[in-house]
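Engineer: Below are the structure tokens for one structure; questions will follow.
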Amino acid sequence: MEGYDLIGDVHGCGATLATLLEKLGYHQRSGVYRHPRRKVIFLGDLIDRGPRIRLAVTIARRMVEQGEAYIVMGNHEYNALAYTHPGPAGSHKRWLREHTPRHNRIIQDTLEQYRDYTNEWEDTLAWFKTIPLCLEIDGIRVVHACWDQKLIDELKQRRPDQCMDTEFLVESTDPTTQAYQILDRLTRGPHVSLPEGIAIHSGDGFTRKSFRAHFWAQDPQQWGDVVFQPDNLPGDLETRELTAEERQQLSYYGPEEPPLFIGHYWCEGIPSLPARNIACLDYSAVKYGRLVAYRWSGETTLNADHFVWIKVPKEERALPKPWEIDFD
């Protein structure tokens, strides 16, 4: 083993994933992408929004099940599990994740692409439940959105395999519970609520009443010190002072910690390192950005030269790809 190739949010760009794996030196044998000296770690969010969701899931799942890859849970896999799971007995909720217009829109592409493959979809959901929420292996740490050591310790104490069971899934939809705090922080990361009456209208068509915050600022003072998303904050909110309560709600990952790999934050442009020991690998592939990998070979200080990426072509939606895996 030379190391790991960590791959950010695929979001259904299955053909681009195949291209990236080929670029990294992986080749199909018996329907599975393999490398003689390396393995992949997927950072979650295989599904939703993209044109080839089933292909993305099949590539990743086959690699994981054949020992050629690892994966951690993304918030979109979690959303799918909650969206399709009935609400608890006696609850007013029909589903754990209510079928609101917003939630329907997020999962719409996934449901459409699995519409004629209902058994495959049920089997895929069962596989999602086996995906761990975080991973610590050979000196690196991997989580979809935020490494919060306190919450991860609580998760390990409760679930040594760091996976959800049905009880944890049901509990995680109640904001008053420990399971919710763990799930929300690890797969969605810190958020800071916007003032009443102010919202961010994102380029993807969604309106948001909070912004995504990062967790490696040692002593943040203003909102601009922690905002981590492509959308700018409205007005002069970047200079707004963080309250004591807001600072307390943020996680912190110091420079002395092991290398950490995250996705989730839909960065843009040329991949770069936000900190010497942190790499974010979500570069908005599904918005015709880049599908990004980091080639890690044992270094404790990360190096931006180790990023490898494929620019996602708009033509992917229209053109069939010869390397698509046969699902039969």
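The values are calculated or read from the model by the stated rules, or taken from the named source; none is laboratory data. It should be emphasised that the depicted structure is a prediction, and the values quoted were computed from it without experimental measurement. Positions of Cβ are backbone-derived with ideal geometry, glycine not excepted, and every protein chain shown enters the neighbour counts. Protein only, heavy atoms only, side chains kept; ligands, DNA and RNA dropped before computing areas. Shrake-Rupley method; radii C 1.70, N 1.55, O 1.52, S 1.80 Å.
Engineer: State in Å² the accessible area per residue of segment 191-250; use a 1.4 Å probe, count heavy atoms of protein chains only, and round to the nearest integer.
Structural biologist: I get 57 Å² per residue for segment 191-250.
Engineer: Another one. How high is the relative contact order of the chain, given as a whole-number percent (alpha carbon pairs under 8 Å, six or more residues apart)?
Structural biologist: That works out to 20 percent.
Engineer: For THR130, put the label point 7 Å out on the Cα→Cβ axis and report which residues of segment 137-181 keep their amide N under 16 Å from it.
Structural biologist: Of the residues in segment 137-181, 161-166 have backbone N under 16 Å from the label point off THR130.
Engineer: Run the numbers for ASP174 and GLN157: contour at 0.36 nm per residue of separation, minus the present Cα-Cα distance, in nm.
Structural biologist: 4.1 nm
Engineer: When the gyration tensor of the chain is built from Cα positions, what are the square roots of 5 times its three eigenvalues, in whole Å, from largest to smallest?
Structural biologist: 29, 24, 21
Engineer: Taking all protein chains in place and a 1.4 Å probe, what share, in percent, of the accessible surface of the chain do carbon and sulfur account for?
Structural biologist: With neighbouring chains kept in place, the figure for the chain is 47 percent.
Engineer: When the helix-only estimate is applied to the chain (DSSP H runs of n ≥ 4, each -39,500 (n - 2.57), divided by the residue count), what is the mean residue ellipticity at 222 nm, nearest 500 deg cm²/dmol?
Structural biologist: Rounded to the nearest 500, the figure is -8000 deg cm²/dmol.
Engineer: Same structure again: What spacing in nm lies between the two simple spin-label points modelled at GLU238 and THR118, each 7 Å away from Cα in the Cβ direction?
Structural biologist: 5.1 nm
Engineer: When the Karplus curve 6.51 cos²θ - 1.76 cosθ + 1.60 is applied with θ = phi - 60°, which whole-Hz ³J(HN,Hα) does each residue of segment 214-224 get, with x for Gly and Pro?
Structural biologist: 8, 9, 10, 7, 5, 9, x, 10, 10, 4, x
Engineer: Are there any GluC sites (Glu not before Pro) in segment 175-261 that are in a DSSP loop and have at most 15 other Cβ atoms within 10 Å? List them by number.
Structural biologist: When the GluC sites (Glu not before Pro) of segment 175-261 are filtered for loop state and at most 15 Cβ neighbours within 10 Å, GLU196, GLU256 remain.
Engineer: Near LYS23, which aspartates and glutamates are there with a Cα under 20 Å away, not counting those fewer than 8 places off in the same chain?
Structural biologist: Correct list for LYS23: GLU2, ASP5, ASP9, GLU68, ASP282, ASP305, GLU315, GLU316, GLU324.
Engineer: Check which residues have an amide H placed less than 5 Å from ASP9's amide H, if you skip close sequence neighbours.
Structural biologist: Correct list: HIS264, ASP282, TYR283.
Engineer: How much of the pair distance distribution for segment 191-250 lies past 14 Å, counting alpha-carbon pairs only, in percent?
Structural biologist: 51 percent
Engineer: So if I take the centroid of the Cα atoms in segment 117-154 and the same for segment 31-108, what is the distance between those two points in Å?
Structural biologist: Going from one Cα centre to the other spans 10 Å.
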